[in-house]
Amino acid sequence: MNVAPSSDQTAPDAAAAPDAPRYDFRAAEPRWQAAWDARECFRVEDEPTDGKPKYYVLEMFPYPSGKIHMGHVRNYTLGDVVARYKRARGCAVMHPMGWDAFGLPAENAARERGVHPAKWTWENIATMRAELQRMGLSLDWRREFATCDPAYYGHQQKLFLDFLRTGLVERQESWVNWDPVDGTVLANEQVIDGRGWRSGALVEKKKLSQWFLRITKFAPDLLAALDGLDRWPERVRLMQANWIGRSEGARLRFGLTAPEAGMDDVEVYTTRPDTLFGMSFLAIAPEHPLAAAVAARDPAAEAFVAECRRLGTSEAVIETTEKRGHDTGLRVAHPFIEGASFPVWIANFVLMEYGTGAIFGCPAHDQRDLDFARKYGLPVPPVVLPAGQPLESFTLGDKAFDGVGMMINSGFLDGLEAPVAAKAAAIAELERRGVGEGVVNWRLRDWGVSRQRYWGCPIPVIHCDACGVVAVPDDQLPVRLPEDVTFDVPGNPLDHHPSWKHVACPSCGAAARRETDTFDTFVDSSWYFARFCSPLAEQPVVRGAVDHWMPVDQYIGGIEHAILHLLYSRFFTRAMKVTGHIGVEEPFAGLFTQGMVTHESYRDAANRWLYPDEIEKRADGSVVLRESGEPVQVGRVEAMSKSKRNTVDPGAIIARFGADTARWFILSDNPPERDMEWTEAGVVGAYRFTQRLFRLIEALGGVTQGLVPDTFSDAARKLRRTTHRSIVAVTEALESFAFNVAVARVYELANAIADAERAPADEQAGLAWARFEALETAARLVSPMMPHLAEEMYATLHPATERLVAELAWPEPDMALVVAESVTIAVQVMGKLRGTIEVAPGAAEAAVLTAAEASVGRLLEGKRIVKRVYVPNRIVNFVIAG
RNA sequence: GCGGACGUGGCGAAACUGGUAAACGCAUCGGGCUUAAAACCCGACGCCUUUCAAUGGCUUGCGGGUUCGACCCCCGCCGUCCGCACCA
């Protein structure tokens with residue numbers, strides 16, 4: 001705390017003090033930002049003709065929630081390093097920024113504080129834009145847009161209508177969380193312990209007719225194409241593959257022993273038809289039509305179904321709730337076992353959305369079924385004997401067996417291997433009997449995009465009693481949100497609006513109603529990357545521009561988007577290809593997912609959360625309240641969140657330490673894919689380094705770079721080797737996203753420069769020149785990370801220059817200087833390190849072995865060398881006997 | 001519950017393709033500069049045994065395995081975190 005830049009640093013007397021030369025970020029950062037602006041360093045054209053290779057860097061655009069947070073600082077710093085580095089490498093870099101501006105928080109603000117969502121959003125955008133600009137990001141701000149602007153969402157409506165005409169849109173029914181008191185649909189996050197967050201009312205599932213984008217049409221391709229995304233993290237591809245969830249199994253029909261409400265069988269999907277002989281019951285989802293039929297005549301069943309409805313639609317909640325069921329009294333016949341029948345249960349863990357909404361329960365070989373069977377005392381007949389286990393000793397406890405084994409108690413399947421061989425045999429038999437067939441099933445569901453909300457893009461259709469659903473004609477786009485809405489009544493303001501929804505049918509002219517639902521905000525973010533290529537165009541995208549810039553070469557954002565946003569964007573790009581808007585199928589060629597920013601959390605004696613600003617860390621290690629000196633409990637390090645008050649405001653950090661310091665620290669501490677802990681000590685350390693680098697320049701005493709000297713002292717040669725090795729090392733680190741390593745290499749270079757400052761008098765030959773070279777190199781190597789300081793360093797070294805580091809090419813290493821003069825080889829005996837030897841690089845094997853043997857002679861005395869392992873330039877290992 | 005990841009000194013971490021574990025930074029300690037403090041500069045710093053010392057022993061969450069050699073590959077545990085379709 002106490003080493004923060006103090007006010008005296010900018011005070012006139014301190015600035016005049018000859019012994020306190022300081023890099024003044026407060027003056028320098030705005031000055032260099034203005035210089036970049038004036039020279040339009042970061043501008044690129046929609047359809048450039050300069051022949052440079054294109055490189056599109058994009059970070060996930062922010063939701064304008066109020067102020068930027070540290071996650072944004074991390075995200076945009078990472079992207080900016082890439083953008084600046086690639087620019088230096090000769091690419092034409094497109095690096096745009098915009099606003100994911102529709103969403104629930106704006107509506108919450110309207111309801112809680114009476115501020116209009118548009119006003120709230122645009123004010124937030126203005127604040128956050130200014131904050132981002134203070135970070136010194138190399139953005140082409142001319143491309144900025146917000147998704148809540150009709151100039152953006154009107155084009156989105158056009159895309160939707162194109163999808164509609166192409167058969168990529170469908171109306172389907174689906175279940176939503178319904179708050180009966182607020183009369184509104186709730187997001188899963190708004191359902192807390194089964195109750196609406198605002199009203200506290202018990203939430204119910206309700207069926208609504210909604211718009212769906214047919215992402216399932218592309219399921220096979222979305223899965224197969226994952227293989228080609230070789231610059232995506234493996235774990236993201238895995239998560240997507242699991243989400244798409246291709247499975248091979250069987251669909252089969254179980255005949256009811258007595259028909260119910262006109263239904264005489266139940267269709268089931270299973271991935272394990274081989275375990276059919278281990279059936280114990282059949283279970284249907286509470287939303288299944290058969291469940292509704294039973295509930296209509298059985299009050300107990302109705303009560304159970306109603307209770308399940310209160311669970312809401314969250315899969316996580318459904319699957320973690322205790323498994324419960326209700327026996328309907330109905331029975332189904334077994335497809336293979338003559339005369340056998342099984343009870344039909346309604347079960348709260350069966351999902352209507354997956355498969356057919358009905359399963360057959362085989363408790364011995366499925367954990368959920370086993371939990372259910374144990375609870376209700378249903379039989380658990382085993383049909384797969386684990387490989388290598390004797391039949392007599394095989395019993396089932398609380399763990400279902402789902403591994404490889406041999407079929408038993410299974411009629412014609414006995415002796416076959418489960419699951420693969422037995423599965424094929426079971427499907428063949430189902431098909432022969434005509435009661436079922438082998439199918440491929442997908443977990444992926446169509447994408448419901450209807451939201452009963454105001455602050456979103458209106459869905460551009462009109463409902464006419466005569467004509468049905470009619471598309472809004474293109475020339476009437478955009479369908480604009482009305483501004484005069486009120487939030488004092490529950491429900492969707494668009495629906496309450498006195499006039500907005502009442503329109504004439506475009507087809508027959510009769511009185512009709514606008515669709516009052518708006519789009520899921522994921523729609524907005526599913527094509528913004530394409531819009532950035534021609535943000536002012538009259539049509540959604542311009543082929544010349546998207547064909548040039550797409551795909552995004554490097555996309556950067558949080559791991560929390562690993563599935564939905566990325567999958568929707570991949571789908572949308574494919575859909576836009578079908579409708580002719582774009583030529584590529586994959587939007588993001590390269591993906592990097594960053595970790596979260598975390599911080600310690602603090603509470604006072606009464607267990608109330610405290611902001612980091614409210615506490616003070618004393619030298620003795622105690623932590624107290626700044627105001628009162630009362631003790632503070634230091635809690636876990638966890639993700640920054642408003643509720644735990646463990647947030648640090650980037651605006652305040654930048655004001656105190658400067659943008660470069662914030663950028664440097666956020667890059668320096670961990671690998672960017674990992675969570676990082678924001679600490680006061682870390683920022684202060686980064687700040688000190690900015691000053692140190694600048695001091696090293698001033699220590700040169702205004703030397704300018706003359707001709708290359710004829711001779712270099714050992715010290716000068718050593719520094720030059722470090723300089724050129726640093727270029728190689730930093731370049732490699734930046735290329736591989738190891739920014740923390742790049743930072744470490746810069747520290748090493750700075751240490752080497754400081755060492756050179758202290759070289760003795762007889763080592764001065766060429767040393768000043770070498771120091772100049774090292775410092776200029778340092779300025780250029782840090783420029784992607786600390787761009788303002790880099791400019792200031794460069795301008796100080798070259799007082800007459802007009803050039804900006806932002807316009808310079810990346811430094812090239814002199815490889816002749818990089819090669820080592822000698823290498824250290826580890827000498828091991830039996831794999832244990834026993835010594836080291838110095839040899840010339842590439843020395844002959846025999847000579848190295850002789851030297852190695854001599855170096856560990858004692859340990860080899862009286863022993864027989866069985867084997868000599870020799871790895872050039874690395875190790876020698878002697879394996880001995882006796 | 002299902003799916004995905006992560007685990008190395010006091011702390012954040014580094015370690016190429018299986019080849020000297022701990023680069024670099026933070027914290028701490030010692031010294032210099034200073035009337036003094038801060039800042040700054042120099043040095044030490046994985047753990048253990050030992051009076052000292054190292055050319056000693058141990059060490060990458062835990063337990064096994066493969067290998068001349070394992071943070072890295074394989075098997076089994078433990079712990080922590082993220083996602084689960086209407087938050088963005």
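Can you pull the one-decimal nm distance between simple spin-label points at residue A:714 and residue A:439, each 7 Å off the Cα toward Cβ?
According to this spin-label approximation, the distance is 8.0 nm.
Between residue A:34 and residue A:703, with labels modelled 7 Å along Cα→Cβ, what's the label distance in nm to one decimal, could you check?
It is 3.3 nm.
Would you calculate the convex hull of the Cα atoms in region A:428-581 and tell me its volume per residue in Å³?
236 Å³
Helix A:70-88 versus the longest principal axis of chain A: what is the Cα-based angle in degrees, 0 to 90, to the nearest 10?
Taking the Cα atoms of chain A, the angle to A:70-88 is about 60 degrees.
Return the FRET efficiency for the residue pair residue A:614, residue A:504: r is the Cβ-Cβ distance, R0 is 60 Å, and the value is rounded to the nearest 0.05.
Calculated value: 0.50.
Which length gain, in nm to one decimal place, applies between residue A:670 and residue A:199 when the Cα-Cα distance is subtracted from 0.36 nm times their residue separation?
Computed gain between residue A:670 and residue A:199 is 165.3 nm.
Can you give the log10 of the normalised intensity I(q)/I(0) at q = 0.14, 0.15, 0.22 Å⁻¹, computed with Debye over equal Cα scatterers of region A:511-619?
Results for region A:511-619 at q = 0.14, 0.15, 0.22 Å⁻¹ read -0.69, -0.74, -1.20.
Where does chain A land at 222 nm, in deg cm²/dmol rounded to the nearest 500, when only DSSP H runs of n ≥ 4 count, each adding -39500 (n - 2.57), divided by all residues?
Mean residue ellipticity, 222 nm, calculated: -10500 deg cm²/dmol.
For region A:253-294, evaluate the Debye formula with one uniform point scatterer on each Cα (no solvent term) and list log10 I(q)/I(0) at q = 0.20, 0.26 Å⁻¹, rounded to two decimals.
-0.70, -1.04
Let a ≥ b ≥ c be the square roots of the eigenvalues of the Cα gyration tensor of region A:760-823; is it rounded (a/c under 1.5), or, if not, prolate (a/b larger than b/c) or oblate?
oblate
So for chain A: antiparallel DSSP bridges make up what percent, rounded to the nearest 5?
80 percent
For the pair residue A:869 and residue A:248, what calculated FRET efficiency results from E = 1/(1 + (r/R0)^6), where r is the Cβ-Cβ distance and R0 = 35 Å, to the nearest 0.05?
In this case the efficiency is close to 0.15.
May I have the convex hull volume per residue, in Å³, for the Cα set of region A:581-663?
Cα convex hull per residue, to the nearest whole number: 174 Å³.
So which lysines pass the test for residue A:86, namely a Cα distance under 18 Å, with those fewer than 8 places away in the same chain ruled out?
Cα-Cα hits under 18 Å: A:52, A:54.
Project the alpha carbons of chain A onto their principal axes and report the range along each, largest first, in whole Å.
The Cα atoms of chain A stretch 105, 88, 65 Å along their principal axes.
Of the cross-linked pairs A:832/A:863; A:205/A:323; A:119/A:501; A:67/A:642, which ones have a Cα-Cα span greater than 21 Å in the structure shown?
The pairs that break the limit, which is 21 Å between Cα atoms, are A:119/A:501.
Leaving out same-chain residues fewer than 8 places away, which aspartates and glutamates sit with a Cα under 15 Å from that of residue A:399?
Straight-line reach from residue A:399, under 15 Å: A:366, A:369, A:371.
Could you give the length gained by full extension between residue A:387 and residue A:296, i.e. 0.36 nm per residue of separation minus their alpha carbon distance, to one decimal place?
Extending this stretch completely gives an extra 28.1 nm.
Which value, in Å², gives the accessible area per residue of chain A when a 1.4 Å probe is used on the protein heavy atoms?
44 Å²
With viscosity set to 1.002 mPa s at 20 °C, what whole-number translational diffusion coefficient in µm²/s follows for region A:302-400 from Stokes-Einstein and a Kirkwood radius over Cα pairs?
My calculation gives 140 µm²/s for D.
How are the C-alpha pair distances of region A:770-882 spread across 5 Å bins, as whole percents from the shortest bin up?
2, 10, 17, 13, 7, 6, 6, 8, 9, 8, 7, 4, 2, 1, 0
With all protein chains present, calculate the accessible area of residue A:596 using a 1.4 Å probe and round the result to the nearest 10 Å².
Taking all protein chains as shown, residue A:596 has close to 90 Å².
Could you compute how fast region A:114-195 diffuses translationally, taking Rh as the Kirkwood radius over C-alpha pairs and applying Stokes-Einstein at 25 °C with viscosity 0.890 mPa s? Give it in µm² per second.
143 µm²/s
Give me the three principal axis extents of region A:696-844 from the C-alpha atoms, as integers in angstrom, largest value leading.
Extents along the principal axes, in whole Å: 61, 41, 24.
Report the accessible area of residue A:833, computed with a 1.4 Å probe over the heavy atoms of all protein chains in place, in Å² rounded to the nearest 10.
110 Å²
Over the residues of region A:637-687, compute the C-alpha Rg and express it relative to 2.2 N^0.38 Å.
Output field value: 1.12.
Could you pull out every one of the aspartates and glutamates with an alpha carbon less than 17 Å from that of residue A:718, ignoring same-chain neighbours closer than 8 positions?
Correct list for residue A:718: A:710, A:748, A:755, A:757, A:762, A:763, A:773, A:776, A:814, A:821.
The values are calculated or read from the model by the stated rules, or taken from the named source; none is laboratory data. Note that the structure is a prediction, hence the values are computed from the model and not measured. For neighbour counting, all protein chains shown are included, and Cβ atoms are generated from backbone atoms with ideal geometry for every residue, glycine included. We work out accessible area using only protein heavy atoms, side chains counted, and drop any ligands, DNA or RNA first. Shrake-Rupley method; radii C 1.70, N 1.55, O 1.52, S 1.80 Å.
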